[in-house]
Amino acid sequence: MRILVTGGAGFIGSNFVHRTLARRPETRITVLDKMTYAANPDNLAGLGGFDVELVEGDICDTALVDRLVRETDLVVHFAAESHNDKSLRDPMSFVRSNVEGTVALLDAAVAHDVRLHHISTDEVFGDLALDDPAKFTPETPYAPSSPYSASKAASDHFVRAYVRSKGLRATISNCSNNYGPRQHPEKFIPRQIINLLHGQAPRVYGTGENVRDWIHVDDHNDAVWAVIERGEIGATYLIGADGERSNLQVVGDLNEIFGRGRGDFVHVTDRPGHDRRYAIDAASIRSLGWEPRHADFAAGLRATVDWYREHPRWWERAREAAEEIYRASEREL
Ligand code: NAD
Ligand code: TDX
């Protein structure tokens with residue numbers, strides 16, 4: 001099988017490539033990635049002996065996309081601008097990559113009748129109140145809060161419209177917050193781990209009561225394979241591992257791993273429009289026989305800390321750049 005993996009040099013996409021080749025070594029993979037600040041060439045290291053090629057290019061480049069899609073059996077579409085904070089500063093780059101780029105892929109997939117799986121996020125549903133017992137389901141109405149989640153919502157709508165009107169063979173999955181190796185240092189868990197590796201206190205937006213539903217990146221990617229193999233064309237699957245935790249709980253767990261007090265952190269400026277809580281009802285993906293293997297969040301977090309401790313060269317430059325941007329806008333409260 002030949003697969004085109006867009007965004008395969010980023011966090012989740014590169015973990016997908018590694019896991020796919022480890023479990024299905026006969027797969028032929030082409031990664032299409034613009035190599036933005038969020039990509040890391042080292043993410044695809046160590047794959048000698050496998051049939052994997054990196055094409056540096058933009059999913060908005062219709063001629064390139066058409067050629068690559070024509071040559072493949074399946075598109076797994078991870079490529080996106082993915083950081084909420086950046087979307088508040090530079091929304092147009094999110095419209096381009098997440099909306100225009102997705103439509104370019106859909107046109108090529110229709111033209112060559114190629115199956116496509118679209119990777120999306122639970123943030124398209126907006127947020128839940130902290131005390132609301134509800135969770136997101138495939139029927140939850142869309143109510144995105146940030147330019148990032150609005151652009152992902154738009155991309156989901158385009159996929160559904162193409163399935164209905166143009167005969168596109170596609171599936172969608174909306175996953176909760178991922179953690180694990182190779183996540184960019186601008187994101188919450190890597191940022192705090194790297195702060196702690198430098199002996200610095202974690203930095204918590206606002207009150208820190210916001211809740212995220214954490215899932216290990218390998219569990220997400222196994223669920224993606226379940227959809228590819230057993231999902232129904234046109235259907236949407238919500239992926240989550242019942243991993244709800246407040247940011248304060250996560251920071252407390254990280255502090256403990258580093259032998260510090262759980263409450264040893266700094267409150268900093270809150271994110272405008274900061275979503276309060278995400279929570280996934282995973283019945284749709286579990287109906288395909290998938291279940292998470294990383295049920296022990298504490299163990300997953302320790303392994304992730306170890307990965308960052310062992311790979312300083314992977315994150316040093318990206319961390320410096322990310323912190324420079326944070327320094328420009330973030331104040332201690
Ligand atoms: P990431 O930012 O680490 O990686 C995104 C990759 O896409 C990068 O390698 C980047 O260079 C590439 N890219 C961006 N614009 C591109 C373009 N125009 N053309 C080609 N490549 C381009 O993001 P991630 O966290 O790995 O997220 C991957 C996907 O999963 C995204 O679609 C995101 O919305 C979705 N998602 C992420 C999470 C999460 O917790 N990180 C949760 C649910 C869904
Ligand atoms: O330094 C920080 N301090 C802090 O308290 C950072 C970077 C974040 N936060 C908070 C904001 C959120 O409540 O931590 C939580 C997680 O923040 P992010 O890592 O920026 O993730 P989030 O905004 O929840 O979005 C993530 O999950 C859904 C991904 O970045 C998205 O791509 C995905 O769709």
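The values are calculated or read from the model by the stated rules, or taken from the named source; none is laboratory data. Nothing here was measured: the structure is a model prediction, and the numbers come from that model. Virtual Cβ from ideal backbone geometry, glycine too; neighbours counted across all protein chains shown. Side chains included, ligands, DNA and RNA excluded: accessible areas come from the protein's heavy atoms. Shrake-Rupley method; radii C 1.70, N 1.55, O 1.52, S 1.80 Å.
Each residue was assigned an accessible area with a 1.4 Å probe, and for Ile233 the value is about 80 Å². 3J(HN,Hα) along segment 8-14: x, 9, x, 5, 6, x, 6 Hz, from the Karplus curve 6.51 cos²θ - 1.76 cosθ + 1.60 with θ = phi - 60°, whole Hz, x for Gly and Pro.
If the segment from Ala111 to Leu88 were pulled out straight at 0.36 nm per residue, it would be longer than the present Cα-Cα gap by 4.8 nm. Adding -39500 (n - 2.57) for every DSSP H run of four residues or longer, then dividing by how many residues the chain holds, sets the calculated 222 nm ellipticity at -12000 deg cm²/dmol. For the chain, averaging the sequence separation of C-alpha pairs within contact (under 8 Å, six or more residues apart) and dividing by the residue count gives a relative contact order of 17 percent.
Summarising the label geometry, the points placed 7 Å from Cα in the beta-carbon direction at Tyr37 and Arg271 lie 1.6 nm from one another.
Placing a label point 7 Å from the Cα of Glu139 along the Cα-to-Cβ direction, the residues of segment 277-293 with a backbone N closer than 20 Å are 279-288. Centroid-to-centroid, using Cα positions, segment 1-60 and segment 97-124 are 17 Å apart. When Arg331, Arg115, Arg191, Arg67 are compared by accessible area of protein heavy atoms, the largest-first order is Arg331, Arg67, Arg115, Arg191, using a 1.4 Å probe. Taking Leu301, Leu288 and ordering them by how much accessible surface each has at a 1.4 Å probe, largest first, produces Leu288, Leu301. Shape analysis of the chain based on the Cα gyration tensor places the equivalent ellipsoid semi-axes at 31, 22, 19 Å, largest first. Between Leu333 and Arg96, the modelled label-to-label distance comes to 3.4 nm, taking each label 7 Å out from Cα in the direction of the beta carbon. Each label point was placed 7 Å from the Cα along the Cα-to-Cβ direction; for Ala45 and Asp306 their separation is 2.0 nm.
Order the following by accessible area, largest value first: Leu105, Leu64, Leu54. Probe radius 1.4 Å; ligands, DNA and RNA are ignored. All intermediate terms of the calculation are to be shown ahead of the outcome.
Details: Leu105 0, Leu64 30, Leu54 80 Å².
Output order, biggest surface exposure first: Leu54, Leu64, Leu105.
Spatial offset of segment 230-247 relative to segment 258-304 amounts to 14 Å, using the alpha carbon center of each.
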